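Novice: Input: one structure, supplied below.
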Amino acid sequence: MSSLISDMFPSFRSKVDAKWAPLLIQPIEGSYERLVFGVAVVSSDGFHLEIANRLDRLKCLYADQSKIVISVIEWTAESLRSDLAMRSIEALLEPSVPFSGVKVGELRNGEGESLKQIACSWMVSLSSLYADEYSEEFELDIVETLVEEARPRTGGGDRLPILIKDYIKEKRVGLVPFFSEDVRLERKRRSARRGAEVNIDFAGSKLVANFGTLQANGVSASSGRIKSRLWELKVNRDADWDRGQDRYHEMLIQIPPKNDPQFSAKQMRNVADALETLEEQADQEEIRIRGMTSVEQIGEHLLQLEAA
């Protein structure tokens, strides 16, 4: 009889008991804003790390700086995945995350059909950067993203990296391959192949550098772009340290000469104030920032460091 009953009524799937914790990021240092970008689940049988699958939504909040936030999330996910494989639940109880703006939330009990199911269900509930991959909304969002990325991009961008590449090409052509593909192909706007990609203009054997123009007639916008490039250097510098490499990491900026007749005294003061603010931020991240007044100055500085 018992055999007949068990055949007629299939048993329920066994539940998995586990511990889980949300992964949080503070995109703006010092603010109260927190975003859930992942959920880590650990049990005696293993772990699962579910990371937000709609990080492209960050572009609506942080525009160009979203790629820095995305890079931090990806680096953190890689680091935590390795740590979970080695330390299991201890990686959540005593986390060792690579960025100060990233936190592991409170550890909680969870139950579900699998570790992945637990993680996914909590991500759907907690994160605006996540969509159920089986939902109609997710499919529509993906289509819209693909259409947007397929649209041709024209204009815009800072031509300084291209001008520096041309100068170096005349002086020492062997250094040209160390410029990024976007710079070598003279793309005015960096390609959007991956929103999370860290863009480095020049990565030589001695120097890693990004280039930017601090414009007197657009100080706020150009300063914001330089801050974004500065953070990219920090991410690359930290990766260098992890690999045991020791290279100079510098943000090389072209600024107008102090006696430039095209700009007013007020505009020049704004440039000086913006440069001072950028230098303070660079000092905090242990990145060197240099303001120079011409492509030639920047080019000769690059040649000097690479020849050292």
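Throughout, read-outs are computed from the coordinates displayed, never taken from laboratory work. Everything numeric here is computed off the predicted structure, so don't read it as measured data. Glycine gets a Cβ as well: all are built from the backbone with ideal geometry, and neighbour counts include every protein chain shown.
Novice: What shape does the range 242-308 take by its C-alpha gyration tensor, where a ≥ b ≥ c are the square roots of the eigenvalues and a/c under 1.5 counts as rounded, a/b above b/c as prolate, and the rest as oblate?
Specialist: Here the range 242-308 falls in the oblate category.
Novice: Given +1 on the Cβ of Lys and Arg, -1 on the Cβ of Asp and Glu, and no further charges, what dipole in debye does the range 234-305 carry about its Cα centre, rounded to the nearest 20?
Specialist: Charge dipole of the range 234-305: 260 debye, to the nearest 20.
Novice: According to the square roots a ≥ b ≥ c of the eigenvalues of the Cα gyration tensor, what is the shape class of the range 7-137, taking rounded for a/c under 1.5, prolate for a/b larger than b/c otherwise, and oblate for the remainder?
Specialist: oblate
Novice: While we're looking at this one, here's another question. For the range 70-134, rounded, prolate or oblate, judged on the Cα gyration tensor with a ≥ b ≥ c (square roots of eigenvalues), a/c < 1.5 rounded, else prolate if a/b > b/c?
Specialist: Verdict is oblate for the range 70-134.
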